[in-house]
Amino acid sequence: MTPQYDKIHNRFKFNGLHFDFEDLKEVAYSLIKEGAPYEKATGNFLMDWLNKEDFIYVNTSGSTGQPKAIKLKKQAMVNSAIATGDFFGLEPGDTAIDCLPSHYIAGKMMLVRAMILGLDIDCVEPSAHPIFDYEKHYDFCAMIPLQLKHTINYTSNIDTIIVGGSKVTKPLLEKIKTKTSKFYETYGMTETVTHVAVRQLPSKGHKGQSLFTALPNVVFGQDERKCLTIKAAKLVKETLVTNDIVDLKSDTTFKLLGRYDNVVNSAGVKLFPEQIEDKLQAIIDERFIIAGEEDEALGEKLILIIENPRDSVESFENRIKYLKGITRYEIPKKIYFVDKFSETVNGKIQRDKTIDAVIG
């Protein structure tokens, strides 16, 4: 029988203590009244989850557009939690860390997984460098790449770590390769109730995968733009059409190429900024963005925007010129410097806002 949103698993623990449905309301009230700011956010979510409504409103991050509130069915969130539990083999009593803010879907879903699957979850402040018990064994954790970057040397006691919210950089991937935990990059969004696909990253003793693989009860397709479509009846009623261009390998696997709205068409050649950015990570330490700018001759020309650079334009041009594996089409025609990228409240780069600020 499928668990329901108005029931709490009898093995669920919150910061080491067991609470049932009614007890949790008191915990939520206490967090709102007396907790730190991040605890107040957790308390507010728990109050929303424990009320009589069968839905909640969840805010998108605003990294790919204007932030907006999306109405999600609580049972869809339960179904997402079950799919994650099934995929990763999570069992009642397993231990987990929640170091993500409860304002957004990823943090909310860590709590839902714990309540529905019966996890023993430790909630810590969702900072860039989360502090948790580095000596304690944990079965499961979710982080953004920035958090993993700062805690990568303290992950040996965590069995499985999922990473999402922004791109996993090349330097971080190299560090992951030396660690014994299992690491998975996630693909998903607020509309799909967090991740609907994962890709294992290579780590010590684990080979890794090049393709994203669907979670249970999720089927992929493509539209005429080669963008990914998602059928996940237990999460969302309608087929979801994304702006993510993919190389679809099967109805459950794909390779992510880039966003449709980011593609640069330069003299008839379609360039994917995300793929070029992957190559440039090897030679640029600062945060940067590849984009397109209107050009009379080319239609669009490729540009590079670098945040708070430490070298000159000429230095970057020379590095790129001699970078192995980059094609002549992928070499930026112009380089811009900015002091600071536009960001969402939780630290994601607002790509369009940053580009508009540079080139108007």
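Numbers at a glance
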{"read-out": "Convex hull of Cα atoms in segment 183-260, direction-averaged projection (nm²)", "value": "5.1"}
{"read-out": "Carbon and sulfur %, accessible surface of the chain computed with the full protein complex present, 1.4 Å", "value": "49"}
{"read-out": "Cα centre as origin, Lys/Arg/Asp/Glu Cβ charges: segment 195-237 dipole, Debye", "value": "140"}
{"read-out": "Projected area averaged over orientations for segment 83-210, convex hull of C-alpha atoms, nm²", "value": "7.1"}
{"read-out": "Cα gyration tensor category, rounded, prolate or oblate, for the chain with a/c compared to 1.5", "value": "prolate"}
{"read-out": "Projected label distance in nm at Thr180 and His9, using a 7 Å step from Cα toward the beta-carbon", "value": "2.5"}
{"read-out": "Projected label distance in nm at Asp278 and Thr327, using a 7 Å step from Cα toward the beta-carbon", "value": "1.4"}
{"read-out": "Rounded, prolate or oblate (a/c below 1.5 giving rounded, otherwise prolate when a/b exceeds b/c) for segment 254-360 by Cα gyration tensor", "value": "rounded"}
{"read-out": "Semi-axis lengths, Å, segment 41-152, gyration tensor of Cα atoms, sqrt of 5 times eigenvalues", "value": "22, 19, 13"}
{"read-out": "Mean accessible surface per residue for the chain, computed with a 1.4 Å probe while every protein chain stays in place, in Å²", "value": "50"}
{"read-out": "Pairs of alpha carbons in segment 137-292 whose separation is greater than 22 Å (percent)", "value": "47"}
{"read-out": "Cα gyration tensor shape for segment 291-336, rounded if a/c is under 1.5, else prolate or oblate", "value": "oblate"}
{"read-out": "More than 17 angstrom apart: percent of Cα pairs within segment 6-89", "value": "60"}
{"read-out": "Förster radius 45 Å - calculated FRET efficiency between Ser315 and Val124 (Cβ-Cβ, nearest 0.05)", "value": "0.65"}
{"read-out": "Antiparallel bridge percentage (DSSP; both residues within the chain; nearest 5)", "value": "65"}
{"read-out": "For segment 207-306: Kirkwood Rh in Å [reciprocal of mean 1/r, alpha carbons]", "value": "15.4"}
{"read-out": "Length added when fully stretched, Glu91-Lys33, from 0.36 nm per residue minus Cα-Cα", "value": "17.6 nm"}
{"read-out": "Computed over the chain: relative contact order in percent, which uses C-alpha pairs under 8 Å that are six or more apart", "value": "11"}
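The values are calculated or read from the model by the stated rules, or taken from the named source; none is laboratory data. Owing to the predicted nature of the structure, the values given are computational and were not obtained by experimental measurement. Ideal geometry is used to build each Cβ from the backbone, glycine not excepted, and the neighbour counts take in all protein chains shown. To get the accessible areas, we keep the full protein, side chains included, count just its heavy atoms, and leave off ligands, DNA and RNA. Shrake-Rupley method; radii C 1.70, N 1.55, O 1.52, S 1.80 Å.
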